[in-house]
Amino acid sequence: MPVQYLNIYLIGVLGAAVAVIVGIGFSYTGMSQLGFDVYRGMEMTTYYLDKNRYDLYMNAMVYCITFAAALMLILAVILIPSSEQVQKRMSATPYGTPAIGTPPSAIEAPPMEMEIPQFEAPELTPELEDYSLEDEGLGMEGMDGNDSDVVSGSGRITDESHESFLRNHTDTAIKFLMRKDLDDSELKADDEQVHEEWQKRGLSRGKLRKHVMKLMDWDNIPEIAVNEILNQVREKINS
């Protein structure tokens, strides 16, 4: 809500609340001046100086109390968020997308028979979030030779080589994908140089990431330690 409309809204609400309080006080004062109670033994009798005006003040107090109750209900409807709004606020990330593992709203809820893995969203680097540029033109055009193995080969790295690299050199593949060492520290300069050479031959983090998510049946890579990701991938490969 823009600031100017918010100010107008607050002024209107406060003004209505003050008007209700003043109206109730004015009506009660008028009723007190136009009527008084007299006790006759155990019974109390009310006498009116002007019954018509007394009834007008009473009706005014009833209207003020009714308006106050309606105002409170309207404020409750406006200020108390719905369950869908709470879920959207809780699941919103700084990038404007729902976080992995948050409960879906009623509209987005999948069928009951489907089970969605509950993983937290990883803090991906910009390179891991967008692979459109990385997957294009990384192969070595015109390179001779059929040796496409990532580690021991010297030819262009194919999509099949990505999968073989993940299964046969899982620890190295995870380090390349996450851009971190297995203890979550920064990569050594020698590792970064080797990774750069592999990228020149066509190794792509985008393709490798797709193979990992397909193998693990993940929607995204969980935000856990690199060593834990390695253990889960190894367990899946060996199963």
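Which ³J(HN,Hα) values, rounded to whole Hz and listed in residue order, are derived for region 45-55 from phi using the Karplus coefficients 6.51, -1.76 and 1.60 in 6.51 cos²θ - 1.76 cosθ + 1.60 with θ = phi - 60°, glycine and proline given as x?
10, 9, 10, 10, 7, 8, 5, 5, 5, 4, 5
Sticking with the crude label model, points 7 Å out along Cα→Cβ, report the distance from residue 17 to residue 79 in nm, one decimal please.
Using points 7 Å along Cα→Cβ, the separation is 0.7 nm.
Enumerate the calculated ³J(HN,Hα) couplings along region 21-26 in order (Karplus 6.51 cos²θ - 1.76 cosθ + 1.60, θ = phi - 60°), each rounded to whole Hz, writing x wherever the residue is Gly or Pro.
5, 5, x, 5, x, 5
Using the basic label-point model (7 angstrom from Cα toward the beta carbon), what is the residue 167 to residue 217 distance in nanometres?
Inter-label distance under the simple model: 1.8 nm.
Bear in mind these aren't lab numbers, they're just calculated from the coordinates by the rules spelled out. The structure displayed is predicted, hence computed values, not measured ones. As a convention, Cβ positions derive from the backbone with ideal geometry for all residues, glycine included, and neighbour counts pool all protein chains shown.
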